[in-house]
Amino acid sequence: MIPSEAAEKINHRLERVDHDIDCAKAAIGRGEAADAIRWVMRAVSDKHRVLDLCPSGFAAVYDIFFYADLAERHAVLWPSEDPDLDDVIEQLEQSLEDVEFALADGSYLDGAMDESDEDAMTQALEDIASWLREALEGLKKHPPQKPANDGSVTRMKRAYLDALDPSGELGDVFMYLEGMNLNFWWAGQELAEDPPNFDGADGDLGRAELLKHNLMRRLGRSSHGPHPPQNGDDSHQGEEDLPPHPDLG
């Protein structure tokens with residue numbers, strides 16, 4: 001679990017995300033897409049600083065897991081989302097390189113409680129690497145064979161997080177942070193449209209904000225009440241199946 005003192009600091013940093021979202025929503029209200037995008041990028045940056053307060057074994061794999069999720073999504077949904085097979089293969093190769101580097105570096109083991117946890121964490125990363133290799137092998141065949149859409153990477157990722165923290169708290173923290181990333185990505189994409197989709201972006205920001213408040217509640221802390229999203233209310237929306245993601249963190 002995250003120590004109480006660190007959780008209080010996470011609370012403070014997530015409140016900065018509230019401010020960023022409020023500013024982005026205000027810019028949307030004024031019809032200023034460029035300013036709204038700037039605040040969305042700021043929200044992503046402030047959210048990412050939460051990782052500095054998490055156990056090192058969590059921070060070491062957050063980005064690796066995030067992009068592995070993206071690579072899995074593109075692989076299993078190809079060609080409906082990303083028709084460029086070379087691009088899908090490149091994403092898988094990059095994620096495989098990330099996982100292999102982590103395995104060689106070993107910093108992901110920091111924070112493990114005992115040898116059995118270390119073994120489980122290593123096995124989870126090795127399983128993800130094996131899945132990526134198999135996916136690459138299939139997609140490089142003629143004709144290409146894409147992997148099954150069965151959430152394999154998500155399960156392997158959760159196995160790692162549960163070994164690092166048997167309480168399940170870190171697994172949930174990842175889920176909420178990843179969901180926030182998704183909705184920030186959606187908001188940025190909709191604001192960049194011509195003309196900008198202000199209503200859609202506003203709803204995405206509302207869902208990101210709701211996930212942020214759920215994260216704070218999961219940590220046992222309170223914050224001011226969430227602003228209901230305009231495009232529906234699903235507190236778990238955005239937690240899995242991430243779309244293509246620019247380098248927002």
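Numerical summary
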{"item": "Some residue of the stretch 57-76 being in contact with a Gly (Cβ under 6 Å, 6 or more places away or on another chain) and touching a residue at least 12 places away in the same chain (Cβ under 8 Å)", "result": "yes"}
{"item": "Subset of the stretch 42-72 that is over 27 Å from GLU126 (Cβ atoms), within 15 Å of the chain's Cα centre (by Cα) and among the aliphatic types (A, V, I, L, M) - its residue that is modelled with the lowest pLDDT", "result": "VAL50"}
{"item": "Elements of type helices (runs of 4 or more DSSP H) in the stretch 111-200, at least 3 residues being of a type in the set (Phe, Trp, Tyr) and surrounded by 18 or more Cβ atoms within 10 Å (Cβ to Cβ)", "result": "169-191"}
{"item": "Extreme residue, surrounded by the most Cβ atoms within 10 Å (Cβ to Cβ), among residues of the stretch 1-32 that are free of Cβ contacts under 8 Å to residues at least 40 places away in the same chain and part of a loop (DSSP other than H, G, I, E, B)", "result": "GLU32"}
{"item": "Test result for GLU90, modelled with pLDDT under 95, among the charged types (D, E, K, R) and exposed (fewer than 15 other Cβ atoms within 10 Å of the Cβ)", "result": "no"}
{"item": "Top-ranked residue in the stretch 85-144 [being in contact with a Lys or Arg (Cβ under 9 Å, 6 or more places away or on another chain) and touching a residue at least 60 places away in the same chain (Cβ under 8 Å); ranked as farthest from HIS74 (Cα to Cα)]", "result": "ILE128"}
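The values are calculated or read from the model by the stated rules, or taken from the named source; none is laboratory data. Keep in mind that what you see is a predicted model, and the values were worked out from it rather than measured. Every residue, glycine as well, gets a Cβ built from its backbone with ideal geometry; the counts of neighbours run over all protein chains shown.
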